[in-house]
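This report concerns only the one structure given below.
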Amino acid sequence: MPDRGGGPTGPRIRVGRPSRRIRTLLMTLGVLAVLAMVFVMFAGFWTDWLWYRSVHYSSVFTTTLWTKVGLFAVFGLLMAAAVGLNIWLAHRLRPPLSAMSLEQQSLDRYRMSIAPYKKWVLLGITALVGLIAGASATGQWRTWLMWVNGVSFGQKDPQFQMDVSFYAFDLPWYRFLLGFGFAAAVLSLIAAALTHYLYGGLRITSPGARATGAATGHLSVLLGVFVSLKAVAYWLDRYGLAVKSSDFKAAGNWTGLRYVDANAYLPAKTILFCIAVICAVLFFATLWRRTWQLPVIGFGLMVLSAILIGGLYPAIVQKFQVQPNEQAKESPYIKKNIEATRHAYGIDKAKPEDYSGKGDPKRKAQQRTDATTAASYRLVDSNVVSPAFQQLQQERKYYQFPATLDVDRYTGTDGRPQDTVIGLRELNITGIQKRNWINDHFTYTHGYGAIAAKGTNTITDPDQGTVGSPDFTESGLPTTGQLGKYEQRIYYGEKTEQYSIVGGPQKELDYEKNGEETTSYKGKSGVNLSSPLNRAAYAVAFSEPQILYSGAVGDGSRILYNRTPKERVEAVAPWLTIDGDAYPAVVNGRIQWIVDAYTTTNGYPYASRTTLGDTTADSLTTNQRAVVAQQNQVNYIRNSVKATVDAYDGTVNLYQWDTEDPVLKTWMKAFPGTVKSKSDIAPALKAHLRYPQDMFKVQRELLTRYHVTEAEQFYSGSDAWQVPDDPTNKDTSAVPPYYLSLKMPGEKSQKFSLTTTFTPAGRPNLGAFMAVDADATSKNYGAIRLLRVTETVQGPQQVQSELNGVPEVATFVRDLRGTDSDIEYGNLLTVPLDGGFLYIEPVYARGGSANYPLLKKVAVAYGGGKPVFKDSLTEALNAVFLQEGAEQPPTTTPPPGDTTKPPPATGDAALKAAIADAQKAYDDAEAALEKKPTDWEAYGKAQAALQDALARAAAAQASPAPKTTP
């Protein structure tokens, strides 16, 4: 019979083969999983490198990468070495275990289980702590680069006479090193103590000595290192007082030393430093004395001293020396805080000028004349009219305009700059009729054209369009108008957040007019997808496998992403804080996004800190327009960089704007070649640069308190201001600043300015008016003017409330509701005029047949008088200044569209009045020159009045007196 038992002549049953197959399969799957994970990590790295190379900022990527790698390696190795060395040393110093106690016998099984793997356990522990420490250190790449590249501020703090760069660049790095040292000392101490306990060097329950001499010496040295680091910490804390934040009722968020800091905490820190040094020496001395007695006494003394000297003594000084006479004690330190804060925020030259706020009621006729040229009254509110742009110029559902448009300056038909409201017709993929991967990313790829409208007037002729709609200076699809010929395709914009693949086999929809026009991207931006490796990397990075195998991707295909202006600037300059409002400008035939960027630090001694996110919030703040802050709080800020992003090819240019800023100089050393010189800014581009809103909002918030330069007045808070709430918004949010071309007191011509108002703290009346020269081509760019109101004048909310009570407004609202429309208020503009303030507010009607805002009325108030509510600006100004009972000049019908010029006065009466005004202006000018010192402000006003009077006299003499109807 055959041998069925598997003998030499029978078949053999191979039991092991299936198990080997399973093991092989599992190993293969494991290797594939590891390779997939490696490729996912590689894809992220590779796509980042490709993107930085495509925008020609690869040095930013490499500098940041190698800095992080260096920090990871150095501090990871240091931590691993510190912990590993102390574990090895504790094991080396273990006592013999020949006579083990019961406590040690219970630990024997742990020693036995570790014994075969001691090296691996040691490597595992050191590798783990090294990886954690290295990963933590990579987050300090900015701190390292600022320390190693820091330049001098050229200014010293008033307490220690150290350059500000020590606090801004050096101290943060020293604090990181100190924190790392503490972590290494504590982990080494814990690891050494556990090792000593495991191998019998430390005993808890055994009779006799609790520690061997070797363990005592080892742990004492580690404790001595810890206490030495504490001594260093006490020494650095002395300098830290100059940048310490605290609550101070006189200043709110206070930074810097106060009386108790200089006279209690500072000497206390010095004494504690000395005690800590002595205590550390006592710990090191146990290497010879082998006793804990003196170190324990020294450590107890240090703890007790920290409580008494570092805590109790300053409290006694504050209670019994400062509080009884706080103002006198704190005044010198308040003065230092005021000076440092004003310089750190660039408001040190802003000094309030007294200004009546009411105006002379006897100069109504002159004020009416002056009102014509006091400002270019922007009745088209960029915050309101976006729906009108959307309805009238959207053209297709897949286009959109931003909710808040931008204000810029362009040359008008008369050859002079005019305030212009502008917005880009960007792509909106949610409006695509048929959504799919090809349409979303290949067919619909870009917006088309810039739409612009005059800011100072509106259409009044029904034959030209809907009455009250914007007067477009650039419109249509493709657009035509005053902007000339330019590249209208918008591949990069604020709303363009999805990726697009362009330039390949798949054609793009260019625009639809009389049929579909197609195009193929000709720009050089984006990353080339011709390489299979690149396609695979992006398929993984974007979780879209179709990128790898789709026939729509081929030769010439390029992927565009990171397409919003803020994203691109943040990526190429991660050390900058980006303004919340990028705005477009047509420059030399291209649409350029202009982005303001800031350098900041929170280490400026004595300068009070502010939170950017809170300070820059107002009634218009949205996620799109919010400031992106890299630091939670700052106490130094400069608009040091002007950046541009080309809307067609995404080219990013960074220009040095503040040539004196030491923070920018530091970053330019760290990233050489990334920031271009200020002289490289083309004149055509410079004409569109403006003072940034977020910088202005930070400065106005600080000026609510820091317009005061006297310590006593600052302490009392008697002259504190506040930014009023937006009177046109129901939410309790700050009124936004407004761009407006206006003449400030003493100036002869209008300047493009950024303006805001203040009210006294806790009161609604007008407290002050602030304007900054926002024209980058002006020699006075950035100059801040503060007008402190000396009379009781209505504030914005009071004017708005009084306007709501005007009978004409009630009638207007009632009539609107009959047509299913509602009232919508525009920006309440405030303009200084002849000693008073002129309030002007456009009023819109929305609803009915046209579901977008139409300018219907204009409200005007002056000098605390009753507001008027009229059909045009001309009528409103006439009603305010030429009220019933006053001598009114004859009027003529203004031409269509003219809403700003008053009707000319003619005849003998007008001629005599003009001559009299000219004589008075001449006398005023002579009187101003005779004053010692010369009153140049009064002289400038008199010269302006003289020119105006002579012009009126010439006009009156040249025209016959109008006939009157009986």
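Since every read-out is calculated from the coordinates, none of them should be taken as a lab result. Fair warning: this is a prediction, and the values are worked out from it, not measured in the lab. Please note: Cβ atoms are built from the backbone with ideal geometry, for glycine as well, and neighbour counts cover all protein chains shown.
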Check: Could you state the number of Å between the C-alpha centres of the stretch 182-249 and the stretch 655-732?
Finding: 46 Å
Next item on the list: Go through LYS230/LYS642; LYS249/LYS665; LYS566/LYS665; LYS397/LYS751; LYS566/LYS751 and tell me which ones have a Cα-Cα distance over 32 Å in this structure.
Entry: LYS230/LYS642; LYS249/LYS665; LYS397/LYS751
Notebook entry, point to check: Looking only at the stretch 336-368, which residues have a backbone nitrogen under 17 Å from a spot 7 Å from the Cα of SER152 in the C-beta direction?
Noted result: none
Note to self: If I take R0 = 56 Å and measure r between the Cβ atoms of THR790 and LYS676 in this structure, what FRET efficiency does the formula 1/(1 + (r/R0)^6) give, to the nearest 0.05?
What the structure shows: 0.75
Next item on the list: Could you pull out every one of the aspartates and glutamates with an alpha carbon less than 14 Å from that of LYS507, ignoring same-chain neighbours closer than 8 positions?
Entry: ASP440, GLU516, GLU517, ASP555
Notebook entry, point to check: How much length, in nm to one decimal, is gained on full extension between THR659 and ASP354, taken as 0.36 nm per residue of separation minus their Cα-Cα distance?
Noted result: 106.5 nm
Note to self: Could you work out how much longer the chain between ASN804 and ASP614 gets when fully extended? Use 0.36 nm per residue separation minus the Cα distance between them, nm to one decimal.
What the structure shows: 65.4 nm
Next item on the list: Enumerate by residue number the trypsin sites (Lys or Arg not before Pro) in the stretch 279-378 meeting two conditions: DSSP loop (anything except H, G, I, E, B), and at most 14 other Cβ atoms within 10 Å of the site's Cβ.
Entry: ARG290, LYS349
Next item on the list: Take every Cα-Cα pair in the stretch 38-210 and report what % of them are more than 27 Å apart.
Entry: 51 percent
Notebook entry, point to check: Could you give the length gained on full extension between GLN327 and THR518, defined as 0.36 nm per residue of separation minus the Cα-Cα distance, in nm?
Noted result: 61.4 nm
Item checked: Rounded if a/c under 1.5, otherwise prolate or oblate - the stretch 564-689, Cα gyration tensor axes -> oblate
Check: Which of the lysines could a cross-linker bridge to LYS349, judged by Cα under 18 Å and excluding same-chain residues fewer than eight apart?
Finding: LYS335, LYS336, LYS697, LYS779
Next item on the list: Specify which labelled value, from [x] 31.2, 103; [y] 36.9, 148; [z] 28.3, 89, agrees with Rg and Dmax of the Cα atoms in Å derived from the coordinates of the model shown.
Entry: [y]
Item checked: Cross-link pairs LYS156/LYS244; LYS358/LYS454; LYS351/LYS678 - those with Cα-Cα distance over 19 Å -> LYS358/LYS454; LYS351/LYS678
Check: Using alpha carbons only, how many degrees (0 to 90, rounded to 10) separate the axis of helix 266-289 from the longest principal axis of the chain?
Finding: 10 degrees
Notebook entry, point to check: Per the helix-only calculation at 222 nm, which mean residue ellipticity applies to the chain, given -39500 (n - 2.57) for every DSSP H run of n ≥ 4 and division by its residues, nearest 500 deg cm²/dmol?
Noted result: -13000 deg cm²/dmol
Next item on the list: Once you have a ≥ b ≥ c as the square roots of the Cα gyration tensor eigenvalues for the stretch 649-803, tell me rounded if a/c is under 1.5, and otherwise prolate or oblate according to whether a/b is larger than b/c.
Entry: prolate
